[in-house]
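So the structure is just underneath, and the comments pick up after that.
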Amino acid sequence: MKEKYAYIFFNCDEEKSQQSMNLFYNQEIYRDLKGARRALLAKIEQEQAEGRIRIQESDLPAVRQAVLEGDPTEASAYICYGAVERFPII
């Protein structure tokens, strides 16, 4: 059976340290489903629009591709002050 995952977007420091990722602040959990991936992308775009994270304009297509079609955690490489973490669903 294929392992199932959920994703959480975290606001964090520039180094993406675990200590800066606050589960009490970032509580939304996104399952590995098309609708949830779209919601995760919307969350990332909202954080960018509100200035809490930074993504270079040239990197936006890579972020969208990773979140919608690939491994959402790969989007973290393009996000400053934010990260997407993956957790197995038990």
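Computed from the coordinates by the stated procedures, all read-outs in this text should not be read as laboratory data. Since the structure is predicted, the reported quantities are computational estimates derived from the model, not experimental observations. Neighbour counts run over all protein chains shown; Cβ positions are idealised from the backbone, glycine included.
Averaging the Cα positions of each part gives two centres, and for region 1-42 and region 68-83 these lie 10 Å apart.
With contacts taken as Cα pairs under 8 Å at a separation of at least 6 residues, the chain carries a relative contact order of 41 percent.
First measure r as the distance between the Cβ atoms of ASP13 and ALA39, then evaluate 1/(1 + (r/R0)^6) with R0 = 25 Å and state the FRET efficiency to the nearest 0.05. In this case the efficiency is close to 0.55. With the alpha-carbon atoms of the chain aligned to their principal axes, the span from lowest to highest coordinate is 39, 29, 18 Å, starting with the largest. Using only side-chain charges placed at the Cβ, +1 for Lys and Arg and -1 for Asp and Glu, the dipole size of the chain relative to its Cα centre rounds to 420 debye.
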